[in-house]
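All remarks here apply to the structure that follows.
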Amino acid sequence: MPEVLIVQNTRSGDPGRFGDWLAEAGLGVEVVNCAEGAAPPYTLEHDAMVVMGGGFMPDDDARAPWLAQTRKLAVQAIERAVPYFGICLGGQLLAHVAGGVVTPDAGAPENGSTPVTIRAEAAADPLFHGLPEVVPAVEHHVDAVTALPPGAVWLASTERCPYQAFRVGERAWGVQFHPEVLPERIRQWEVDGFDPDEVYARAVADEPVSTPIWRTVVGRFATLITG
């Protein structure tokens, strides 16, 4: 059975339905909960790698010392063409190691279900092809990718945060949003400057639309691993 390494960076930032969908596709899932003291492996022996979100910069080793090793694993994934999917911090980490720029407190924050525009370049992408022109996705960030790595393919954007999704090489993806999150998780977040009830209600209303879309994307990622 192919195995997926999932790096969890906060106590509440588990892989959620992303991990469930991978398991349903017949993949083994190993979650390394670094926030609880677990350490990432020294070398990437898994068949794929997923890095979850967290309130750190990709090189914030003082607060999250495991990120140094996570960056090394991400580089190994790129160099060996091992499928990689980075969510929020995980996407920023991919941009960082591949030569892009991640900026703290960049622009206006995004919280809750947000319309994400799928760019024309996504038509040829293994994961994002054929998606609707605008899809809802749950956001929760203030830091952002502000310059893509050289040669990266820009896949999706929002007005507040242009680089919502991108691909490095043929098998590494980074997204700023949270495809793993259901509306209930939003109740646990601080959403300063936003009405928490309104943010939650919008996510509940959008969930029937967003769930099948992100399930399709994760299913394609799983097929890439098993194929």
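So the values come out like this:
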{"quantity": "Positive minus negative residues near Val4 (Lys, Arg vs Asp, Glu; Cβ under 11 Å)", "calculated": "-3"}
{"quantity": "DSSP beta bridges in the chain [antiparallel fraction, %, rounded to 5]", "calculated": "55 percent"}
{"quantity": "Residue among Ala144, Asn33, Gly99 farthest towards the positive dipole end of the chain, charges placed on Cβ", "calculated": "Gly99"}
{"quantity": "Cα-based shape type of the stretch 140-227, given that a ≥ b ≥ c are square roots of the gyration tensor eigenvalues and the cut on a/c is 1.5", "calculated": "oblate"}
{"quantity": "Simple spin-label estimate for Val75 and Val204 in nanometres, 7 Å along Cα-Cβ", "calculated": "4.7 nm"}
{"quantity": "Cα pair count fraction exceeding 33 Å, expressed as % - the chain", "calculated": "7 percent"}
{"quantity": "Efficiency of FRET from Cβ geometry, Val142 and Asp20, R₀ 30 Å, rounded to 0.05", "calculated": "0.60"}
{"quantity": "Environment charge of Pro179, counting only residues whose C-beta is closer than 10 Å and scoring Lys/Arg +1, Asp/Glu -1", "calculated": "+1"}
{"quantity": "Accessible area expressed per residue, the stretch 1-69, with surrounding protein chains retained (probe 1.4 Å, Å²)", "calculated": "43 Å²"}
{"quantity": "Net length gained if the chain between Arg187 and Thr43 were fully extended (0.36 nm per residue, minus Cα distance)", "calculated": "48.2 nm"}
{"quantity": "CD proxy at 222 nm, helix term only [per DSSP H run n ≥ 4: -39500 (n - 2.57); per residue of the chain; nearest 500]", "calculated": "-9500 deg cm²/dmol"}
{"quantity": "Within the accessible area of the stretch 1-90 (1.4 Å probe), percent carbon and sulfur", "calculated": "50 percent"}
{"quantity": "Potential extension, Trp154-Asn33 segment - 0.36 nm per residue separation minus Cα distance", "calculated": "40.6 nm"}
{"quantity": "Cβ-defined net charge surrounding Phe128, 14 Å radius [Lys, Arg +1; Asp, Glu -1]", "calculated": "+1"}
{"quantity": "Of all accessible heavy-atom area on the stretch 126-227, the percent that carbon and sulfur account for (1.4 Å)", "calculated": "52 percent"}
{"quantity": "Hull-based mean projected area of the stretch 62-141, where the convex hull spans the alpha carbons, in square nanometres", "calculated": "6.6 nm²"}
{"quantity": "Rounded accessible area per residue of the stretch 70-111, 1.4 Å, Å²", "calculated": "33 Å²"}
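The values are calculated or read from the model by the stated rules, or taken from the named source; none is laboratory data. Since the structure is predicted, the reported quantities are computational estimates derived from the model, not experimental observations. So basically every Cβ, Gly included, is an ideal-geometry build from the backbone, and we count neighbours across all protein chains shown. Note: areas computed on protein heavy atoms with side chains; ligands, DNA, RNA excluded. Shrake-Rupley method; radii C 1.70, N 1.55, O 1.52, S 1.80 Å.
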